[in-house]
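S.K.: Handing you this structure, nothing more for now.
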Amino acid sequence: MSRLLQWLDARTGFRTARHVLLDEEIPAGTGWAFTLGSVLLALISIQLLTGAFLTLYYAPTPDHAYDSVRFISSTTSGRLVRGLHHFGASFLVVFLVLHLLRVVILGSYKPPREITWLSGLALMGLVLAFALTGYLLPWDQRAYWATVVTINISKLAPVAGEAMAAVMQGGSTIGALTLTRWYSAHVIFLPALLVGLIVAHLVLMRLQGSSGPLRPKGKPFAFYPYQAFRDTVVVSIVLLAVLAMAWNGMPPLEGPADPTDANYIPRPEWYFLGLFQLLKYFPGKWEVIGAIVIPGVVAAFLALLPWIDRGPERDPRRRRLVMTLVAAGVVAVVGLTTLGWRDRPISAAGDAWSLREIGGRTIAGYSGCAKCHTDTGLADPLESMALSRGAEWVSGHVSDPEMIAPGLREPPAQRSEREVAAILAYVRRVSRQPYPGYPAQTEVAAAVWARYCVGCHRIDGDGGKDGPELSHAGVKEGKPQDVATIRTWIEDPEAIDPLADMPSFGNRLKPEQLDAISAYLAARK
Amino acid sequence: MPTPAAAPPEPGRRKTLALIVNMAVAGIGAAFSGLLGVFAVRPARGAATERWIRAGTLGDLTPNVPVPRVLSVPRADGWYRARARETVFLVWDGAKQVKVFSATCTHLGCQVLWDGEAKKFNCPCHGGTYDASGNVLDGPPPRPLTTIDARVEGTDEAVLVRV
């Protein structure tokens, strides 16, 4: 065995390599604070590995990206790999900041390590670029809308803003060309840069040696196994934490991207919440200050830090000015992130189904969808379907059966645009959350709402704006409205107000439908 | 932690630490290899569930004459929902039974055609022939045409085929 190893060593020099890699001299007193770089290296390795394996199943096209991510999440191993990639990214950002703070506090960027520092900052920028590009790939609502915001923000940059946005967007809208572009960046170009920069960062670090504690006492010691032991302990704890999060939590996947959904309020991933919050303080033409100027000044300050904070002193207690500025920066980032976190839009509906979604279920029920969409039918049941198609496809599918399977289906009754929209809303909702069950009368009322009322009236922010808002239709001028009055309004508005704009629905709705919608509206106080 | 006045570190401690580091690294490596391995080779999920597809009605058929029908068969291919077109022949016995054959020749997979005059299936590729019951008459096919389950159902006497 030893002769074989000797033979190998003579040809590959692996013993020298091992010596170079592991027997590095570490200044005495170097402790746990210096394990953060290794944690980052481990986390980045996890991202590269899980990312590479995710490409086995991921498809970067608007038609299939969402389905493929759903497919990945459908098995335990896929859920874990995607979870590690998703939560690993968050850990990566946290440890980047910790590593940066450690370097700043102990003055490790001081000569001769200025270039190491700059390469580290470039790596941080790269990681954020990874976060940004990776966010789009699942092609769900948050991915799509966060990218709309990102591209619009980049337009604010002076001079090159519009050109940059055009390069990021690829095509005339955010779509197929954007997705492939961001995918290529995320899996080819950025990783190549990342690996190159990491090698440079590590080589520089080894070249200059570890900066070590402020005042090393005693003789240096070997990296392996002493510092390697500390690294291993911290890395193991961090990896276990990432694994625990991947095990317990499903990475978010909202409904498929829908460029026509005007009601969606996009929010960024938590590590961009600070920037997100900052933007709110600079409305209108001042936006460029929050979006470009302030982040630019912070980046420039960090890049110039070795030249701002000159002199050999590393002790933070004697670098008051820099420490104060950095502390202020940390407080600002933490504060803004917290404010951004708390400043969430109150979703009126919460987890409850919207009236349109409930109505869509009723409409699908009487439209004969179940003729084909059953367990033994031509297509999957609506309840277990993963719908990733848009409104146009669905309306085409509902109104023109020949489009899907020539000669095999009987055409369902013609459905109005609103009914199709309701079916679409229902199928999208049910693919994320099982139907919770609502009273039969509500189901009937919801179908009436989704087919007729929704064109002019709104409830909980959904619907048209021509007629009065009906979220609190059960109360008028402080007085409760009874069912009979509401019923008359719907049946024949002119009987109550001769000048009413609302058409009468008395001859379009069946008595039980009139009863249901009136009772429903009267109950909304 | 090595004391500042580190004399040559004691070899026992060095060995223990090295062992712990090596084991931990091996453990992490094994765990990730296992997970990624399973993820990479897991069987494609969502194998097509069986479905009964309507292939026509008895009214469309003539007793004992094979009638071709092209079926659009939904196939789950991972996350991809595809539709395969598959040709079958329906042979009605004139009463309540319909036999259904796949049009795929059992030799090399070409699509056979029904020759109404000679009353046999001809494969255009290598000259295989089958009789109206799907049995091999001549040529290279190793097996009779594949039979597909079928049933007649409903007031309109729809022929349902299992795919």
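We did not get these values from a lab; they are worked out from the coordinates using the rules stated. Note that this is a predicted model, so its numbers are computed, not measured. Using ideal geometry, Cβ is built from the backbone for each residue, glycine included, and neighbour counts are taken over all protein chains shown.
S.K.: How about the range A:266-351: which trypsin sites (Lys or Arg not before Pro) there are in a DSSP loop, with at most 15 other Cβ atoms within 10 Å of their Cβ?
M.R.: A:Arg310
S.K.: Something else: Mind ranking A:75-82, A:200-207 by how tightly packed they are, going by the mean number of other C-beta atoms within 10 angstrom, highest first?
M.R.: Going by the mean number of other Cβ atoms within 10 Å, highest first, we get A:75-82, A:200-207.
S.K.: Calculate one ³J(HN,Hα) per residue across the range B:156-162 by plugging θ = phi - 60° into the Karplus curve 6.51 cos²θ - 1.76 cosθ + 1.60, and present them in order as whole Hz with x for glycine and proline.
M.R.: Taking θ as phi minus 60°, the curve returns 8, 6, 6, 8, 9, 10, 8 Hz for the range B:156-162.
S.K.: Compute the convex hull volume of the Cα atoms of chain A, divide it by the residue count, and report the result per residue in Å³ as a whole number.
M.R.: In chain A, the Cα hull volume divided by residue count equals 224 Å³.
S.K.: How crowded by other chains is B:11-23, given as the mean number of beta carbons from other chains within 10 Å of each beta carbon?
M.R.: 4
S.K.: Return the single residue from B:Gly59, B:Gly12, B:Gly116 with maximal mean-square fluctuation; model: Gaussian network over chain B, springs between Cα atoms under 10 Å.
M.R.: B:Gly12
S.K.: Another question, if that's okay. In whole angstrom, and with the biggest value first, how far do the Cα coordinates of the range B:52-162 range along each principal axis?
M.R.: Result for the range B:52-162: principal-axis Cα extents of 41, 39, 18 Å.
S.K.: Something else about it: Using a Gaussian network model of chain B whose springs link C-alpha atoms within less than 10 Å, name the residue from B:Val67, B:Val41, B:Val21 with the highest mean-square fluctuation.
M.R.: Top of the fluctuation ranking is B:Val21.
S.K.: For chain B, what does the helix formula give at 222 nm: sum of -39500 (n - 2.57) over DSSP H segments with n ≥ 4, over the residue count, nearest 500 deg cm²/dmol?
M.R.: Values: 1 runs with 31 residues, N = 163.
Mean residue ellipticity at 222 nm (helix-derived): -7000 deg cm²/dmol.
S.K.: Can you pull the mean other chain C-beta count within 10 Å for peptide A:72-78? Walk me through the numbers on the way to the answer.
M.R.: Working: counts 3, 0, 4, 5, 4, 9, 4.
Average per residue, whole number: 4.
S.K.: Other chains' Cβ within 10 Å of B:31-42 residues: what's the mean?
M.R.: Average neighbour count from other chains, rounded to a whole number: 6.
S.K.: Cβ neighbours within 10 Å, averaged per peptide: list A:482-489, A:105-112 in order, most packed at the top.
M.R.: Result, highest mean Cβ count within 10 Å first: A:105-112, A:482-489.
S.K.: With 29 Å as the limit, write out which pairs from A:Lys280/A:Lys479; A:Lys110/A:Lys155; B:Lys96/B:Lys119 have Cα-Cα distances beyond it, or answer none.
M.R.: Those over the limit are A:Lys280/A:Lys479; A:Lys110/A:Lys155.
S.K.: Can you give me the angle between helix B:11-41 and the longest principal axis of chain B, using Cα atoms only, in degrees from 0 to 90, rounded to the nearest 10?
M.R.: Around 10 degrees separate the two axes.
S.K.: Have a look at B:Val38, B:Val136, B:Val112 and tell me which one the Gaussian network model of chain B (Cα, springs below 10 Å) gives the largest fluctuation.
M.R.: Among B:Val38, B:Val136, B:Val112, the largest mean-square fluctuation in the Gaussian network model of chain B belongs to B:Val38.
S.K.: Here is a follow-up. Which trypsin sites (Lys or Arg not before Pro) from the range B:65-123 combine a DSSP loop assignment with at most 11 other Cβ atoms within 10 Å?
M.R.: Passing sites in the range B:65-123 are B:Lys96.
S.K.: Separate question: Quick one: longest stretch of chain B between exposed loop GluC sites (Glu not before Pro), exposed meaning at most 11 other C-beta atoms within 10 Å and loop per DSSP?
M.R.: Longest run free of exposed loop sites: B:51-116.
S.K.: Along the charge dipole of the protein assembly as shown, Cβ charges K/R +1 and D/E -1, which of A:Gly175, A:His397, B:Asn122 sits furthest on the positive end?
M.R.: Farthest towards the positive end: A:Gly175.
S.K.: Let me ask something else about it. Quick check: the angle from helix A:190-208's long axis to the longest principal axis of chain A, C-alpha only, nearest 10 degrees?
M.R.: With rounding to tens, the tilt is 30 degrees.
S.K.: Using a 10 Å cut-off on Cβ atoms, rank the peptides A:354-367, A:491-504 from the highest mean neighbour count down. Intermediate results must be reported in sequence, preceding the final value.
M.R.: On the way: A:354-367: 23.8, A:491-504: 12.7.
Going from most to least packed, we get A:354-367, A:491-504.
S.K.: Next question. For A:Lys219, which aspartates and glutamates qualify as cross-link partners when the Cα separation must be under 12 Å and same-chain residues fewer than eight apart are set aside?
M.R.: Excluding near neighbours in sequence, the set is A:Glu25.
S.K.: Here's something else I'd like to know. Based solely on its DSSP helices, what 222 nm [θ] is calculated for chain A when runs of n ≥ 4 H residues each add -39,500 (n - 2.57) and the sum is averaged over all residues, nearest 500 deg cm²/dmol?
M.R.: -17500 deg cm²/dmol
S.K.: Something else about it: Once each part is reduced to its C-alpha centroid, what is the distance from the range A:244-291 to the range A:5-53 in angstrom?
M.R.: That distance is 37 Å.
S.K.: Here's a follow-up. Can you pick out the pairs among B:Lys99/B:Lys120; A:Lys371/A:Lys510; A:Lys465/A:Lys525; A:Lys465/A:Lys510 whose Cα atoms lie more than 23 Å from each other?
M.R.: Violating the 23 Å limit, Cα to Cα: A:Lys371/A:Lys510; A:Lys465/A:Lys510.
S.K.: Work out the FRET efficiency for B:Val152 and A:Thr374 from their Cβ-Cβ distance, taking R0 = 25 Å, and round it to the nearest 0.05. If you can, show how the numbers build up before the last one.
M.R.: On the way: r = 19 Å, r/R0 = 0.77.
It comes to 0.80.
S.K.: Return the Rg/Rh ratio of the range A:31-123 with Cα-based radii and a Kirkwood Rh. All intermediate terms of the calculation are to be shown ahead of the outcome.
M.R.: Working: Rg = 17.4 Å, Rh = 15.2 Å.
Looking at the range A:31-123, the ratio lands at 1.14.
S.K.: Give me the percent relative contact order of chain A, please, defined on Cα pairs under 8 angstrom at least 6 residues apart.
M.R.: 15 percent
S.K.: Between the helical axis of A:228-248 and the dominant principal axis of chain A, each derived from Cα atoms, what acute angle in degrees is found, rounded to the nearest 10?
M.R.: The angle comes out near 0 degrees.
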